[in-house]
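A short write-up of the structure that comes next.
Read-outs: derived from the displayed coordinates by stated rules, not from any lab. Treat the numbers as computed from the prediction; the structure is a model and nothing was measured. Every residue, glycine among them, receives a Cβ derived from its backbone with ideal geometry; neighbour counts consider all protein chains shown.
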Amino acid sequence: MILTLQTPRPLSRLPRFLPFSTNASITLNQSQPATCTSPPPPHSQILSTRHSLLSRQFSAADLLRSHLNRLNLTEPHLRSFLHLPDPSDLLAQADSLDRRIAAGEDVGPLAGVLVAVKDNICTADMPSTGGSRILEGYRPPFDATAVKRAKELGAIVVGKTNLDEFGMGSTTEGSAFQVTANPWDLSRVPGGSSGGSAAAVSARQCVVSLGSDTGGSVRQPASFCGVVGLKPTYGRVSRFGLMAYASSLDTIGCFGSSVADAGILLHAISGHDRFDATSSNQIPKFISQDVPNFLSHFVSASSFESKPLKGLRVGLIRETIGDGVDAGVISAIHSAASHFEELGCSVNEVSLPSFSLGLPAYYILASSESSSNLSRYDGIRYGNQVYADELDSLYGSSRANGFGSEVKMRILMGTYALSAGYYDAYYKRAQQVRTIIRNSFTEALNQNDILISPAAPSPAYKIGEKKNDPLAMYAGDIMTVNVNLAGLPALVLPCGFVEGGTAGLPIGLQMIGAAFGEEELLRVGHIFEQTLENCRFVPPIIAEDIAS
Amino acid sequence: MGGVGAMVKGASYSYAVFCGSFLRSPRLSFSIHNKKEKLLKFRSFSSKSTCPSLQPPDVSRLAKTAQISLTPDEIEEFAPKIQQVIDWFGQLHDVDLQSVEPSIRAETENNLRDNVPETFDHRDAMIGAVPSYEEPYIKVPRVLSMD
């Protein structure tokens, strides 16, 4: 039997700070979370990369080396990556870009931008394991559409990041290979399932990253790691090349250290794809036409009016700030609500009465669909095979050997829920609950422009805390799953801290928009972020290393 | 909207009557969190089956259906956890869902491609991933056994 959950590494002997950050630049007060002395708001790394490259301030090779240097120093402690290519390959791409810039050629909007890709998203030139032993060593013969589009626009894929196996989990401890640490506190999880992608951006090992969000797997790690996470509307981004977990819920999402960066990456990968029948034909691939208009949302705060969000109706979901939510999280969300009011919004509480049904409905749908989707891993056409004399035994042994415990359990639960005669009792009822939840969101979004809630009921858990208790782990998804059931877009951005770690633990605010309303979410999110005072979300592990 | 709210509250009350120990609000599953007391309260009523006509999960049989060869240790380890989650799923049985249409997924158009075959350009890479290949066959062990 494969031990798929890594035992937590003994962390007591790790240095508290890395050599290049001997003093936290922030003074710590033991009794309250870190406060900052008016640092500037985050700016778009993508836009400043472009500016630096085109004005020849830096070369793409310089930027690459600086990130790789930081990556090499932090990676032994974080373990965000499952695969890192040969640095000389990356350098060759950067050099080629530098030559084209020098020759005055046009380069794409993501030129020189380092992108990390979650390992359940296929990349032809790097292994793609889905975090599973059953695909250890597997090299897909194609790039996922999202990866292909990012590369076409000049992005450099810096590596494949760690995840819970096949996206099933909320801590990244479910990876068959390693446990990723949270850059804010190495004894805590980065969240999941896109924990590696979140940690990599948080620790500035790369500029932006791709993850996947089926029940919150981009938004919750964004909250835990203090970065921006963006889940698009279902159908906005092609799922071609994303290893399917729950086909009616899966989306590819983006991480960035600023709202602008997450938005620019999303913009780059969005649009109809003929290889994904569920990708929307109605939203144009607006990449070349509307870029100036799109980027105009990300202007500097100095050009904001005094109440830049005047008239915006914000609905705070009542069910997300009550029982079962950490007091520190509730306090951070209330502060965020006050901030919205300062910006000119009207903030009201809104109730979604069917809210709590979403969690069991989600897990019924997700396990059922995953039991079907994971039947393709049979050891015959790809992946690792355990040979047997009979076909059935070959299937059984290959799958038993290749899948971890959580994946096995979800497949079994899904198999049960879809058993003959049980469809009406479970799957169909969950789909009916899905209708109720969709309708309740539609109603709430008729009366409000955006809805807000925490992204998770607590800050990051300690490694090992949720290990043997599936229901306790599932409970943490309560804030996020309903958004997937309804197929809506949501943006998570860091809005405050609670006590923990050496400089506090970040808390994310979730903003939910109407279907295909990402542009509005990004506009509002950018304004919120740029005007949020006294908060800078740079984890202490790299604080000294980052120039402001 | 009031109709939905009233419907769910009614369902929760009948669930409470059925199970005995319960929180009145429909936020029951939402109040699961780290705190042990609330978790135990949740678990104590979740162990009662709410739908007597459904058989409890038989992990060995499910594993055969799902083609995963579990060890006896795994079966023993998984069975209570799976039982617990299936019981938790059971709370949907008490929600009044009459006349609610099931949603397959979020609203998207159904974009079919043209029924025109295309050649895949990277056949070699695809074949290269096959564990057991003998040109031009993907090799598998025998499908049928004598017993």
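Please work out, to two decimal places, the log10 of the ratio I(q)/I(0) at q = 0.31 Å⁻¹ from a Debye calculation in which every Cα of the stretch B:55-94 carries one identical scatterer. The Cα Debye sum returns log10 ratios of -1.05.
Calculated FRET efficiency, A:Ala420 and B:Arg123, Cβ-Cβ r, R0 35 Å, to nearest 0.05?
Result of the calculation: an efficiency of 0.35.
Within chain A, the whole DSSP H helices whose Cα atoms reach 24 Å or more along their own axis and whose mean Kyte-Doolittle score is at least -1.0 are A:60-78, A:429-447.
For chain A, the relative contact order works out to 20 percent when only alpha carbon pairs closer than 8 Å and six or more residues apart are counted. Ranking B:Pro57, B:Val85, B:Ile68 by Cα position along the charge dipole of the stretch B:55-94, where only Lys, Arg, Asp and Glu carry charges on their C-beta atoms, puts B:Ile68 farthest toward the positive end. The calculated FRET efficiency for the pair A:Asp106 and A:Asp86, based on their C-beta separation and a Förster distance of 25 Å, comes to about 0.35. Neighbours of A:Leu82, meaning other residues whose beta-carbon lies under 15 angstrom from its beta-carbon, give a summed charge of -2 when Lys and Arg score +1 and Asp and Glu score -1. If only the Cβ of Lys and Arg carry +1 and only the Cβ of Asp and Glu carry -1, the dipole of the stretch A:42-117 around its Cα centre is close to 220 debye. Consider a paramagnetic label point 7 Å from the Cα of A:Ser346 along Cα→Cβ; state which residues of the stretch A:421-451 have an amide N under 19 Å from it. Residues A:443-451 qualify, since their backbone N sits under 19 Å from the label point.
Using Cβ point charges alone (K and R +1, D and E -1), the dipole size of the stretch B:55-94 about the Cα centre works out to roughly 180 debye. Report summary: the helix-based calculation at 222 nm, which adds -39500 (n - 2.57) for every DSSP H run with n ≥ 4 and divides by the residues of chain A, gives -10500 deg cm²/dmol.
Take the Cα of A:Asp469, step 7 Å toward its Cβ, do the same at B:Val130, and the gap between the two points is 4.9 nm. Taking label positions 7 Å along the Cα-Cβ direction at both A:Glu152 and A:Arg313, the computed distance is 3.9 nm, reported to one decimal.
Sorted by packing (mean other beta-carbon atoms within 10 Å per residue), highest first, where do A:78-84, A:527-533, A:476-482, A:200-206 land?
Numbers: A:78-84: 23.4, A:527-533: 19.4, A:476-482: 27.3, A:200-206: 30.1.
By packing density, highest mean first, the sequence is A:200-206, A:476-482, A:78-84, A:527-533.
Calculation over all alpha carbon pairs of chain A in 20 angstrom steps from 0 returns a P(r) of 23, 59, 17, 0 percent. Checking the cross-link pairs A:Lys118/A:Lys467; A:Lys151/A:Lys467; A:Lys118/A:Lys462; A:Lys466/B:Lys81 against a 25 Å limit on the alpha carbon distance flags A:Lys151/A:Lys467 as lying beyond it. For A:Lys428, the aspartates and glutamates whose Cα comes closer than 18 Å to its Cα, not counting residues fewer than 8 places off in the same chain, are A:Glu369, B:Asp87, B:Asp94, B:Asp96, B:Glu101, B:Glu107. Among beta bridges identified by DSSP and lying wholly in chain A, the antiparallel ones come to about 65 percent.
Net charge near A:Val207: determine it from the other residues with C-beta under 12 Å of the C-beta of A:Val207, scoring Lys and Arg +1 and Asp and Glu -1. Net charge in that neighbourhood comes out at +2.
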